[in-house]
Structures are given as C-alpha cells and as structure tokens.
Amino acid sequence: MTNHVAVNPIDHKALRVSHERNGLTGDGVMCCITFPDEFRNVQGEYPILFRMNESRTDFHCMALFGLENGENQFLTDNKWDARYIPLAMDIQPFLIGRPQGEGEDPKVVIDLDNDRVNEGEGERIFDDAGHPTEYLETISKKLAYLDTGFQASAGYIAVLKKYDLLEPLTIDVTMPDGSKNSLVGFHAINEEKLAGLSGEALGDLQAQGYLQPTYMALASLSQLGELIRRKATIDSYEL
C-alpha cells in the first residue's frame with residue numbers, strides 16, 4: 001500500500017527519510033525506468049534494456065537489477081551496492097505530483113507508508129524553521145531532471161523504432177544449484193542493425209543526440225554477466 005501526499009512544513013516538519021535500502025523500502029524490484037541522458041551513469045553498473053509499457057503501445061528504457069520480478073541483486077545489508085543508483089530509485093520515497101490546474105507548479109510528493117519514512121533517524125526534509133532542507137532541495141532537482149528526461153525519452157524511442165534497432169532479448173541461465181532462470185519480455189539494441197546503418201541514418205542519430213546513448217545501451221549488455229554472477233553468489237549463500 002502507498003499513501004502519497006504533497007510535502008508541507010506544517011504536517012511533515014518532523015519527518016525524516018532513512019538511508020536503508022531493502023525489499024521493504026520499495027527497492028525490491030527487478031528494474032526501473034531510465035532515460036538517455038542518464039545512460040552514461042547507468043551503463044557502468046546495470047544492463048540497459050527496453051520494455052513495452054502497460055498498454056503495450058510503446059517502449060520504456062529500463063535499468064535492470066535482477067532476473068525475475070521482485071529481485072534486486074544490488075541490495076546488500078540494507079544498502080544499495082553500486083556506485084550509482086538510477087534516479088527513479090534514488091528519489092524514492094518521493095515522486096513528482098502533477099499540477100491540478102493551470103499555473104500551478106509540480107509538487108514534491110512523499111509516500112508516508114514507505115518504511116524509510118519516520119521521525120527518528122535519517123535525513124530531515126524540513127529544518128526547525130520549516131524551510132526545506134538541502135536534502136529536500138536536492139530531491140526536488142532530481143525529480144525535475146527525471147521528469148524532463150522521461151518526457152524526452154519518447155523521441156529517442158521513436159528513432160530506435162524508425163531504424164528498427166530494437167530486438168527481443170531472451171536469456172536462459174543455469175545456476176550453480178541446477179535451477180534455471182529465464183529473462184523474457186525485454187528488448188535490446190540490435191548490434192548488427194546498428195552497425196549496418198547508413199551514413200545518413202547515423203548522421204540523423206548524431207544530430208538528435210541519440211547516437212552516443214545507443215552505443216552506451218549496447219555496451220551496457222556486458223553488465224548482464226555481472227548481474228548473473230551476483231545472483232549465483234547470493235543464491236549460493238542463501239542455500
């Protein structure tokens with residue numbers, strides 16, 4: 001369950017957000033949305049794949065954390081074990097609230113039912129005078145950047161589809177204990193078709209700022225091996 005409300009200094013002056021990261025704090029997910037401007041940071045830690053939205057009308061860019069639903073191989077000892085946390089996860093338990101009317105600004109919304117939200121430990125969101133703390137100001141900037149990046153992703157996806165650069169990806173993994181896992185439902189950059197693009201097509205991608213992110217998404221597939229290694233290590237430990 002969630003309980004999303006717009007933050008305000010009257011009701012939430014005493015609230016804090018802990019640094020704990022685990023399955024109970026909303027971090028136990030196999031992937032999250034990312035966007036081209038974030039690929040540089042994401043590709044060094046996570047595979048960048050593409051998945052159809054819920055209405056199956058278009059693709060979203062996704063950073064992958066696990067091989068099955070509810071699995072995040074980067075959660076260790078109540079921490080996120082990576083040098084970079086994708087913004088869609090980093091900003092939690094906050095999200096951006098859409099304006100209800102014309103002229104209204106987006107609001108910072110918090111999930112009061114998230115286990116990280118408390119009044120005892122962690123980062124304060126308002127100071128004693130009721131002013132936003134540096135932590136909340138940083139969250140606000142990250143939310144705006146995430147929203148802008150997500151909205152701009154539609155143009156990137158359109159170009160990938162235009163040049164038929166996405167292909168279905170299926171990965172079958174046999175773990176040390178003999179169990180099998182299959183990753184399905186995702187697409188990846190088609191390396192062969194990318195390499196075969198004409199100079200005009202490459203120029204089009206470059207002109208729109210999409211060529212570099214595409215190569216980064218392709219290079220990020222090397223992180224699949226690390227993801228599988230993490231799963232094998234953690235599952236063996238749990239056994």
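The values are calculated or read from the model by the stated rules, or taken from the named source; none is laboratory data. If you're wondering where the values come from, they're calculated on a predicted model, not measured in any experiment. Positions of Cβ are backbone-derived with ideal geometry, glycine not excepted, and every protein chain shown enters the neighbour counts.
Please go through the stretch 53-86 and pick out each residue that is more than 26 Å from Ser18 (Cα to Cα), out of contact with any His (no Cβ under 8 Å at 6 or more places or on another chain) and surrounded by 13 or more Cβ atoms within 10 Å (Cβ to Cβ).
Scanning the stretch 53-86 gives Asp58, His60, Cys61, Leu67.
Tell me, please, whether a residue that is among the charged types (D, E, K, R), surrounded by 13 or more Cβ atoms within 10 Å (Cβ to Cβ), within 23 Å of Asp58 (Cβ to Cβ) and touching a residue at least 24 places away in the same chain (Cβ under 8 Å) can be found in the stretch 145-157.
Yes; the residues of the stretch 145-157 include at least one that is among the charged types (D, E, K, R), surrounded by 13 or more Cβ atoms within 10 Å (Cβ to Cβ), within 23 Å of Asp58 (Cβ to Cβ) and touching a residue at least 24 places away in the same chain (Cβ under 8 Å).
Between Asp37, Asp113, Asp81, which is under 21 Å from Leu160 (Cα atoms) and charged (D, E, K, R)?
Matching residue, one of Asp37, Asp113, Asp81: Asp37.
Looking at (1) closer than 28 Å to Pro9 by Cβ; (2) surrounded by 11 or more Cβ atoms within 10 Å (Cβ to Cβ), which one does Gly120 not meet, given that it meets all the others?
The failed condition is (2).
Can you pull out the residues in the stretch 178-214 that are of a type outside the set (A, V, I, L, M, F, W, C), crowded, with 16+ Cβ neighbours inside 10 Å and at pLDDT 95 or above?
Residues satisfying the conditions are His187, Asn190, Asp204, Tyr210, Pro213, Thr214.
Quick one: is Ala188 closer than 20 Å to Glu45 by Cβ and either touching an Asp or Glu at 6+ places or on another chain (Cβ under 7 Å) or acidic (Asp, Glu) (or both)?
Against the criterion (closer than 20 Å to Glu45 by Cβ and either touching an Asp or Glu at 6+ places or on another chain (Cβ under 7 Å) or acidic (Asp, Glu) (or both)), Ala188 qualifies.
Touching a Gly at 6+ places or on another chain (Cβ under 8 Å) and either at pLDDT 95 or above or over 16 Å from Phe186 (Cβ atoms) (or both): which single residue out of His19, His60, His12 fits that description?
Within the list His19, His60, His12, the selection yields His19.
Identify, please: which residue in the stretch 53-64 is outside any loop (DSSP other than H, G, I, E, B) and touching a residue at least 40 places away in the same chain (Cβ under 8 Å) and is, among those, nearest to the chain's Cα centre (by Cα)?
The extreme case among them is Met62.
Would you call Glu104 in a loop (DSSP other than H, G, I, E, B) and out of contact with any strand residue (DSSP E or B) (no Cβ under 9 Å at 6 or more places or on another chain)?
So Glu104 fits the description; yes.
Out of the residues in the stretch 9-36 that are of a type in the set (Val, Ile, Thr) and surrounded by fewer than 18 Cβ atoms within 10 Å (Cβ to Cβ), which is farthest from Glu121 (Cα to Cα)?
Checking each candidate, the answer is Val29.
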